[in-house]
Amino acid sequence: PQVQTQTYDVRLSNHTNPAARALLECILRKRSNLCVSVDLSTSAELLEVVDAVGPSVCLIKTHMDIVEDFDQSVIDRLRVLSEKHDFLIFEDRKFADIGNTVVLQYSKGVHKIASWAQLTNAHVVPGSGIITGLASVGLPLGRGLLLLAEMSSAGTLAQGAYTDAALAMAREHRDFVVGFIAQRRLGDEDWLILTPGVQLGSGGDSMGQQYNTPREVVRRGADVIIVGRGVYGKRGEAGKEAERYRKEGWEAYLARVGG
Ligand code: S5P
């Protein structure tokens, strides 16, 4: 059978990377394929929303470089919440430099991403040295990498031959690359497809973001739906909205696998 119609349970046996396995196990435990992207710029707001949506998610996506009052305690508190609510952490760092530089950006600096994020992502524009570099830091720690094969934004150059090249690069690093940020299923192998640009009711924003519904992106092959403003946009309602998206995403998955 095609990967598309396999259950998360079966998919688990296709993966050896510890971060990919932990994500699939969490998805199954919580019956959630929802990742909430918490793009808020103070630690108080960030952690408040994470605490509210925690019960409904398998994964929290961060942009730690937008947090104005960042220090190590933000990470410590985020990790406490990840244990309290049972979710993994994905730092959406979008690395895009030569191998030697991304080694430093991933392991050092203010954020020390590799020490706390089970998943991170990278553009393929530099060529495969970026993966070799990130893997040298991430693999010993049991981390996983997602490649940006497509983007949700209008006019993206990540399409066609670029997307094919991302797939080819992933195939050379199957131990560390666990899947893609993409808008649909790619390749015949079992890659985890995480899809942003998701909202109930479609449309977009004034800066090129384009939205599809959970049902539509899961039908096209998303294994995890990434929702930002659709969940945290209405102040005080993030918990309720996250549960709404969790149900939508899960029903769409059941429909896809024919359960
Ligand atoms: O193609 C992409 C890739 C990513 S990771 N399009 C995206 O929007 N993202 C990220 O997903 C983006 O950086 C943001 O953090 C999130 C979408 O947020 P929303 O508020 O539009 O749902």
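The values are calculated or read from the model by the stated rules, or taken from the named source; none is laboratory data. All values derive from a computational prediction rather than experimental measurement. Glycine gets a Cβ as well: all are built from the backbone with ideal geometry, and neighbour counts include every protein chain shown.
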Residue match in segment 224-239 (condition: over 25 Å from residue 154 (Cβ atoms), modelled with pLDDT of 95 or more and surrounded by 15 or more Cβ atoms within 10 Å (Cβ to Cβ)): yes
Selection within segment 78-120 - exposed (fewer than 14 other Cβ atoms within 10 Å of the Cβ), free of Cβ contacts under 8 Å to residues at least 40 places away in the same chain and among the β-branched types (Val, Ile, Thr): 80, 98
Selection from segment 99-129 of residues that are β-branched (Val, Ile, Thr) and away from the ligand (no atom under 16 Å from the Cβ): 101, 102, 103, 110
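Just give me the residues in segment 153-185 being part of a loop (DSSP other than H, G, I, E, B), within 20 Å of residue 219 (Cα to Cα) and under 17 Å from the mean Cα position of the chain (by Cα), in sequence order.
153, 182, 183, 184, 185
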Close pairs from segment 212-224: first closer than 23 Å to residue 26 by Cβ, partner at pLDDT below 95 and surrounded by fewer than 18 Cβ atoms within 10 Å (Cβ to Cβ), Cβ under 6 Å, at least 6 apart: 221/4
All positions within segment 196-222 that are under 15 Å from the mean Cα position of the chain (by Cα) and either within 10 Å of the ligand (Cβ to nearest atom) or aromatic (Phe, Trp, Tyr) (or both): 196, 197, 198
Which listed residue is out of contact with any Pro (no Cβ under 8 Å at 6 or more places or on another chain), buried (at least 17 other Cβ atoms within 10 Å of the Cβ) and assigned to a strand (DSSP E or B), from 130, 60: 60
Members of segment 26-41 that are β-branched (Val, Ile, Thr) and away from the ligand (no atom under 16 Å from the Cβ): 27
